[in-house]
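Below is one structure; the comments refer to it alone.
The values are calculated or read from the model by the stated rules, or taken from the named source; none is laboratory data. Owing to the predicted nature of the structure, the values given are computational and were not obtained by experimental measurement. Cβ sites come from the backbone with ideal geometry, for glycine too, and all protein chains shown count toward neighbours.
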Amino acid sequence: MKKIINRINTIFLEFEVMILHLVGIVPCHYFRRFFYRLGGIEIGKGSTLHMGARFYNPWNIKIGEDSIIGEGVVLDGRDNLIIGNHVDIASEVMIYNAQHNIKDPNFCAIQTPVSIEDYVFIGPRAIILPGVAIKKGAVVGAGAVVTKDVEAGIIVGGVPAKQIGERDIKNLNYKLGRAAWFR
């Protein structure tokens with residue numbers, strides 16, 4: 001009986017994720033944000049999710065205020081995914097908090113939360129892997145694969161991501177702006 005209930009729950013989750021995917025292609029920011037919130041994603045005041053975002057388990061995803069999530073982003077909510085305030089996540093970024101354990105004979109899934117603090121910028125097509133914390137004001141370069149925590153104000157790039165610089169501005173207090181209505 002427990003297997004049947006789990007399977008039914010999985011079907012409902014897959015259906016919800018499919019609906020959110022379809023909502024993601026509607027070219028109206030306010031429409032998408034309304035349905036994303038209805039689907040369980042916490043979205044702070046003034047935050048924007050551009051078209052084509054994909055979600056896994058949306059009710060574990062929390063996005064702070066004045067943050068921008070670019071086109072085609074994948075946000076994994078199979079464990080907690082916390083995105084802070086004034087965070088800019090560029091197009092086609094993938095943030096995962098679940099993966100298979102390649103050392104386990106059963107190839108079981110393991111999940112660990114991901115946190116992205118305030119004023120972080122993540123460049124296009126970067127990949128953030130499970131268990132990573134990206135601290136305040138850090139920058140992740142385009143195409144980087146982040147496998148370890150990134151300290152505050154540090155710039156990382158490459159595969160795997162390594163420190164390539166440091167952010168000069170220490171007192172971060174900018175606003176990212178308002179949503180484009182049809183993007």
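Things to note:
- Filtering the stretch 93-124 to residues that are more than 16 Å from Leu75 (Cβ to Cβ), assigned to a strand (DSSP E or B) and among the β-branched types (Val, Ile, Thr) leaves only Ile110.
- The residues listed here are Ile164, Ile127, Ile134; of these, the one that is farther than 29 Å from Gly24 by Cβ and at pLDDT 95 or above is Ile164.
- Strands (runs of 3 or more DSSP E) within the stretch 20-79 that include 2 or more residues under 17 Å from Glu117 (Cα atoms): 61-63, 74-76
- Top-ranked residue of the stretch 137-176 - restricted to ones that are without any contact (Cβ under 8 Å) to a residue 12 or more places away in the chain and under 24 Å from Thr48 (Cα atoms), ranked as surrounded by the most Cβ atoms within 10 Å (Cβ to Cβ): Asn173
- Applying the criterion of being out of contact with any Phe, Trp or Tyr (no Cβ under 9 Å at 6 or more places or on another chain), in contact (Cβ under 8 Å) with a residue 12 or more places away in the chain and within 17 Å of Asn60 (Cα to Cα) to the residues of the stretch 17-39, the residue that is surrounded by the most Cβ atoms within 10 Å (Cβ to Cβ) is Arg33.
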